[in-house]
1. Do we have any residue at all in the range 425-434 that's within 14 Å of ligand 1 (Cβ to nearest atom), hydroxyl-bearing (S, T, Y), at pLDDT 95 or above and crowded, with 22+ Cβ neighbours inside 10 Å?
2. Within the group G158, G163, G199, G125, which residue is touching a residue at least 40 places away in the same chain (Cβ under 8 Å), within 14 Å of ligand 1 (Cβ to nearest atom) and within 21 Å of L53 (Cβ to Cβ)?
3. Evaluate the following for I28: is it β-branched (V, I, T), farther than 30 Å from H453 by Cβ and within 23 Å of the chain's Cα centre (by Cα)?
4. Which numbered condition trips up E152, out of (1) away from ligand 1 (no atom under 12 Å from the Cβ); (2) over 17 Å from H429 (Cβ atoms)?
5. Just the residues that are of a type in the set (D, E, K, R) and either in a helix (DSSP H, G or I) or touching a Pro at 6+ places or on another chain (Cβ under 7 Å) (or both), please, taken from the range 373-387.
6. Could you please give the count of residues in the range 231-271 that are farther than 22 Å from A325 by Cβ and either in a helix (DSSP H, G or I) or of a type in the set (G, A, S) (or both)?
7. It is to be established whether one or more residues within the range 367-376 are crowded, with 20+ Cβ neighbours inside 10 Å, under 30 Å from V177 (Cβ atoms) and of a type in the set (S, T, N, Q).
8. Which one of these does V455 not meet: (1) within 14 Å of ligand 1 (Cβ to nearest atom); (2) not in a loop (DSSP other than H, G, I, E, B)?
Amino acid sequence: MIQRDDILSYIEANKDRFLEELNDLLRIPSVSADPAYKADVQRCAEVVKDRLLESGAAMAEIHSTAGHPIVYAEKIIDPSLPTVLVYGHYDVQPADPVELWDSPPFEPVIKDGKIYARGAADDKGQAYMHVKALEFMTKTNTLPCNVKFMIEGEEEVGSENLGIWVKNNKEKLSADVILISDTSIIANDTPSITVGLRGLSYVEVEVTGPNRDLHSGVYGGAVANPANTLCELIASLKDEDDRITIEGFYDDVEEVSAEDRAEMAKAPFDEEDFKRELKIGATRSENGFSPMEGTSIRPTLDVNGIWSGYIGEGAKTVLPSKAYAKISMRLVPFQSSAKITELFERHLKKIAPDYVQVKVTPHHGGEPIVIPTDFPGYLAASKAMEESFGKTPIPERSGGSIPIVALFEEVLGLKSILLGFSLNSDDIHSPNEHYGVFNYLKGIETIPLFYKHFVEAHQSA
Ligand code: BES
Ligand code: MN
Ligand code: MN
């Protein structure tokens with residue numbers, strides 16, 4: 001029988017090793033986006049597999065894909081018991097800009113109770129909590145159900161190969177619920193469970209003006225500058241209410257009821273703290289919606305990168321031939337990534353003036369998801385956090401995306417529990433990413449409690 005006191009004493013006796021093992025993983029630069037790190041990504045998969053075996057998995061294997069490998073492991077104790085399928089990712093975002101890190105991104109250091117390294121919170125630290133929770137349950141003979149692990153190496157580049165693998169391995173992946181720690185809580189004294197993720201449509205725009213770079217004095221005044229035009233086009237994509245002007249963009253957007261909005265507004269959010277922490281003088285959201293709603297129930301359109309012309313030292317006078325932007329649109333239920341990408345392309349082609357040509361290249365996308373709060377998986381997660389934090393967690397929709405979650409539901413028919421432990425201030429994807437030691441250990445404490453409550457819910461169902 002799993003008991004909180006036993007988990008706490010096991011953690012107390014092993015926490016230095018738990019941290020050291022995580023640091024070993026963090027030293028491997030498993031950057032999925034950059035082919036230069038391919039061998040490191042592979043090596044990271046092998047270490048994850050070995051750790052799963054050492055921590056109690058009965059079998060673990062590496063599945064190669066057209067991209068980076070997937071680590072699969074399981075421990076089946078009794079086919080008549082429920083099965084928890086754990087998902088996580090061992091790949092990380094590039095560390096750039098490296099010069100803005102206070103310590104090297106792949107040399108983890110623990111400072112002020114936080115582990116600093118790329119991937120500390122997203123997602124190595126969070127995925128590894130599940131491996132150590134498995135260790136606790138196997139070493140103490142308390143694993144109450146079957147468990148499967150699927151840890152991938154391509155989440156940060158769109159999970160395309162995992163999608164294919166899942167479709168081809170439905171039987172192997174049969175389970176009762178999917179358990180994921182790759183999201184955040186509101187604060188260390190305010191636990192929350194993520195019940196929504198936004199979808200994503202991501203496009204690259206290329207605007208071409210004249211057939212070659214020109215002298216900005218000789219030609220400027222007669223030839224449109226594609227960098228100026230790109231800025232005008234982007235600026236026109238939002239109106240004075242900060243609503244996106246693409247025709248049909250809001251057609252499928254779920255109208256959240258006034259009651260639900262009032263319920264969501266109860267989650268603590270201090271706008272002054274938020275502004276102070278980000279050093280901004282004001283927030284900016286779609287007219288009629290709060291900042292919290294802007295990051296959860298409303299879609300967005302943002303430039304993620306923009307470049308053109310001369311960006312070296314000093315001044316070079318040039319009227320560039322081309323200008324580029326990478327644009328993300330975060331989507332909410334019931335928008336479709338493919339449809340939004342198509343609407344974007346059609347709209348941009350329609351508004352492009354004669355003096356430029358525009359090309360739109362779609363990148364990977366993903367569908368939004370909402371998770372109900374009234375099924376055994378959610379209730380077990382809520383009870384587990386209540387036990388470990390001493391407070392009932394708040395259900396909260398997050399602004400981030402994990403595209404594979406919608407696919408799990410579609411292909412496997414399984415709901416996911418987004419039981420994350422990081423903080424929004426952990427600087428994931430940014431320089432100085434970190435993860436609290438408190439959060440890491442709290443995760444290891446909470447996960448076995450989830451198993452306990454999940455199996456109890458099944459037995460009484
Ligand atoms: N773990 C994040 C998503 C996340 C972060 C969800 C914080 C909720 C709170 C994930 O690794 C991620 O970064 N996803 C990408 C999408 C992907 C297609 C590159 C994202 O949201 O930008
Ligand atoms: Mn992640
Ligand atoms: Mn990420």
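The values are calculated or read from the model by the stated rules, or taken from the named source; none is laboratory data. Being a predicted model, the structure only gives us computed values, none of them experimental. No Cβ is skipped: glycine too gets one built from the backbone with ideal geometry, and neighbour counts run over all protein chains shown.
1. no
2. Going through G158, G163, G199, G125 in turn, the sole match is G125.
3. Yes, satisfied.
4. So the condition that E152 fails would be (1).
5. K383, E386, E387
6. Residues in the range 231-271 being farther than 22 Å from A325 by Cβ and either in a helix (DSSP H, G or I) or of a type in the set (G, A, S) (or both): 11 in total.
7. Within the range 367-376, none of the residues are crowded, with 20+ Cβ neighbours inside 10 Å, under 30 Å from V177 (Cβ atoms) and of a type in the set (S, T, N, Q).
8. Tallying (1) within 14 Å of ligand 1 (Cβ to nearest atom); (2) not in a loop (DSSP other than H, G, I, E, B), V455 fails exactly one: (1).
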